[in-house]
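Structure first, commentary second.
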Amino acid sequence: MATLLILGAGVSGHTAAMHARRMLGKEHEVIVVTPNANWNWIPSNIWVGVGKMPVKKVLFPLEPLYKRKGIKFNQALAVAINPEGGDGHTRPFVTATSTRPGSEGEEIQIEYDFLINCTGPKLNFGATPGLGPDNGYTHSVCTAPHAAATAEELKAAIARCKAGESLRFVVGTGHGTCTCEGAAFEYTFNLEYVLREAGVRDRAEVIYLTNEATLGDFGVGGLTFTQQGFQTTSKLWTESLYRERGVEAVLGAHCSKIEPGVIHYEQLDGSTHEMSYDFAMLLPPFKGADMKAYDAAGEDISAQVFNPAGFLKVDANYAAGAYENWRATDWPKTYQSPLYDNIFAAGIAFAPPHQISQPRTSPNGTVITPSPPRTGMPSGIIAKTVVMTIVDRIKGTGKPAYEAPMTGMGAACVASAGMSFWNGSAASMTMHPVVPDWQTYPKTGRDLKGTSGEIGLAGHWMKNLLHVLFLYKAKGRPFWWIVPE
Amino acid sequence: MIDYDVEAQKSIAAAPMPTPQTLKQRKNIFVQFVRFCAINIKMLRVIAASHHK
Ligand SMILES: Cc1cc2nc3c(=O)[nH]c(=O)nc-3n(C[C@H](O)[C@H](O)[C@H](O)COP(=O)(O)OP(=O)(O)OC[C@H]3O[C@@H](n4cnc5c(N)ncnc54)[C@H](O)[C@@H]3O)c2cc1C
C-alpha cells in the first residue's frame, strides 16, 4: 500500500486528488491537507466581486465529495515537511495545524510515500504597506470572501455616484512583482461594464494601474497573433479596448504604500507619484506557503527545498542568469524535487526559473516586472501529469517521468469584459506555448497557429461554459475526467 | 484624460478604434455563434497539443 499526500485543494491539488483516486486502486491512500472547507472556482470571483454572481455559486464543500470518492480529507494548514522522516517516524511526513472548527490549532503529522505540493500562492498583502482588505485600504477578489466584500463596497461606491459624486476607481496590481494581470484586466472591464449598466459611467473615472511595461503583456511578455490578414500584438489589441471603453492606464508601476484614499507608486523611469482614489481593487504579490523542511536530524533544510519566495524547487534551471541567456530548457518538465524524488510541486507552488516577461528595474533599483503566471490550465495539466508519474512509480512500471513543460504547453484564457448573456463580452486568447520559445519560433516566440485573440460576446459565452464545465468536473459528476484540464 | 503616465494615454489614444460596424458584429448573435464554435475549436486544438506525455 502506498500513501499519496497532496497539500492544497485548489485548481492543481483538487485535480491531482481526483485523478489519483481514479487511477489508483483502493489499496492505496490519497490524502488531501487543505485549510479551507470549500473548493473555490477562482476565475468566477471576478463576477462575484462586481456583484454579478452570488458567492455560493463559486464554492462547494470538499469533504462530502472526498468521502464519496474515498479521498481522506484533512482540514489543516501544512507547516513543515520532513522528507527523511525522523522524530519517531520511519517514513517521510508532513506536519499540519488543524483549521477545522472545533479543533483549530491542533497539530497533526501525516506520513507519505509520495508528496505533491499544490499550496498555490500565499497572498502577500504585507509586501506593500496599506495594501489589502484586512490590514489595508484596498479591495481584493483573490478569495471568495474577499470578492463578496468587494462587491458590497462597489455597491456603496455606485450609490455615491448615483447621488451625484464623481469617483475614481483604480484597479490593478499592488506591487511591482505581482502576477495575474489577466485577473486585474478582467476586473477593470467588468467594473467598467457595471458602472455603465448602473448609468453612472460619466461620474466614474476608471484607471488600470499595472506593473506591466506595456498593456497586453499579461506577465507572458505579450502575444503576437494573426488577425484579418495581419500580424498584430496584444499591446495594440488591448490598447484598442482601453480606448473603446474609455479606461486609462498607468504602466510599469510599483505601489510602494497605500494610505486611505492615496496610492503611492514608483514608475519604471524612477519617478514617484501619488494618486488619489475612491475605490481600489489591487492584487497582492504572491509568495509560497509558509512551510519549512527538516532533514532526519531535524536540521532546517528549507533553503535547499524551497526558493527564497517559498516556492518548491523542481527540475528547473535556476542559474540561467540574465534575460539574454534565458532558454525554453530552463523550465521544468517533470516537477520533481531535485533533492527528493518522491516530492513534486504543481500549479503556482513550483518555483519558476525566472519571469516570462522581460525583467525591468527602475533607476532606484526597484524591480517592476510581472512574475510568471501559472493559470488554471497549466496548473491542472501539471497536476495530472505529476499524478501519472506517481501512479507509474507506485505500480512499478519503470517508465520515465511524464513531462509537461510550460514551453511545450499552451493555455486558453478567456478574460471577461462584461457579464451579460446578450450584451456581455470577453477577450478570448490562446497561446502556444505559454513560455515563448525563441529557439523554435524565432520570429514571435510562439506558434502563430496556436496563438490568437478576439473580443466579443462569444467570449462571454465561453467564459460561462468554462464556469459550468469546471464546476461539473470539480464536483466529480459522471464522466468528469472527460472535461480537459 | 488623466495627467498620470501621459505616454500611456497617448498610446491608448493612438490605438485603433473599432468602428460601429465592428462593435455591432461583436454583439451579433449569429456572428458570435460562429465565433463561439471557432473559439471552441481553437481552444480544443491548444488543449490537445498541451497534454504531454
Ligand atoms: C481573481 C483571479 C482570477 C483568475 N482568473 C483566472 C482565469 O480566468 N483563468 C485561469 O486560467 N486562471 C485564473 N486565475 C489563476 C488561477 O486561479 C490559478 O492559476 C490557480 O488557482 C492556481 O492553482 P493552484 O492549485 O496552484 O493554487 P490555488 O488554486 O490557489 O490552490 C492552492 C490551495 O492550497 C491551499 N493551501 C495554501 N497554503 C496551504 C498550506 N500551507 N497547506 C495546505 N494547503 C494550503 C489553499 O487553501 C488552496 O486550496 C485567476 C486568479 C485570480 C486570483
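Footprinting exposure proxy ranking of A:171, A:483, A:247, A:94, fewest other C-beta atoms within 10 angstrom first, gives A:483, A:247, A:94, A:171.
Sorting A:468, A:79 on the 10 Å Cβ count, fewest up front, what's the list?
On the way: A:468 10, A:79 14.
Ranked by crowding around the Cβ, least crowded first: A:468, A:79.
Where only DSSP H runs of four or more residues are counted, chain A gives -7500 deg cm²/dmol as its mean residue ellipticity at 222 nm, each run worth -39500 (n - 2.57). Calculated on the alpha-carbon coordinates, the convex hull of region A:301-347 measures out at 88 cubic angstrom per residue. Taking every Cα-Cα distance in region A:32-84 and sorting them into 5 Å bins from zero, the calculated P(r) comes out as 4, 18, 19, 16, 16, 14, 8, 3, 1, 0 percent. Here the alpha carbons of region A:396-485 define both size measures, Rg and Dmax, at 16.8, 54 Å. Computed over Cα pairs, the Kirkwood radius of region A:94-137 leads via Stokes-Einstein (0.692 mPa s, 37 °C) to a diffusion coefficient of 242 µm² per second.
Local charge for residue A:29 was computed over the other residues whose Cβ lies under 11 Å away, with Lys and Arg +1 and Asp and Glu -1, and equals 0. Let me know the shape class of chain B, please: from the alpha-carbon gyration tensor, a ≥ b ≥ c as square roots of the eigenvalues, rounded when a/c is under 1.5, otherwise prolate if a/b is greater than b/c, or oblate. It is oblate, given that a/c is not under 1.5 and a/b is not larger than b/c.
Rounded to the nearest 10 degrees, the angle from helix A:144-162 to the longest Cα principal axis of chain A is 10 degrees.
At 1.306 mPa s and 10 °C, plugging the Kirkwood radius over alpha-carbon pairs of region A:305-396 into Stokes-Einstein gives what diffusion coefficient in µm²/s? Write down the numbers at each step before the final one.
Values: Rh = 14.4 Å.
Estimated via Stokes-Einstein, D reaches 110 µm²/s.
Taking the three principal axes of the alpha carbon atoms in region A:104-163, the coordinate ranges are 61, 23, 22 Å, sorted in descending order.
Amide hydrogen proximity for residue A:253: with H placed 1.01 Å from N in the peptide plane, the residues at 5 or more positions away or on another chain lying under 5 Å are A:210, A:211, A:212. Fewest-first ordering of A:354, A:460 by other beta carbons within 10 Å of each residue's beta carbon gives A:354, A:460. For region A:216-297, the convex hull drawn through the C-alpha positions has a volume of 200 cubic angstrom per residue.
Apply the a/c threshold of 1.5 to the C-alpha gyration tensor of the protein assembly as shown and tell me whether it is rounded, prolate or oblate. Walk me through the intermediate numbers first.
Values: a/c = 1.57, a/b = 1.48, b/c = 1.06.
In terms of gyration-tensor shape, prolate.
Only beta bridges with both residues in the protein assembly as shown are counted; by DSSP, about 60 percent of them are antiparallel.
Each value in this text was obtained by applying a stated rule to the coordinates, not by laboratory testing. These numbers were taken from a predicted model, which means no experiment stands behind them. Heads up, the Cβs are rebuilt from the backbone with ideal geometry, glycines too, and the neighbour counts pull from every protein chain shown.
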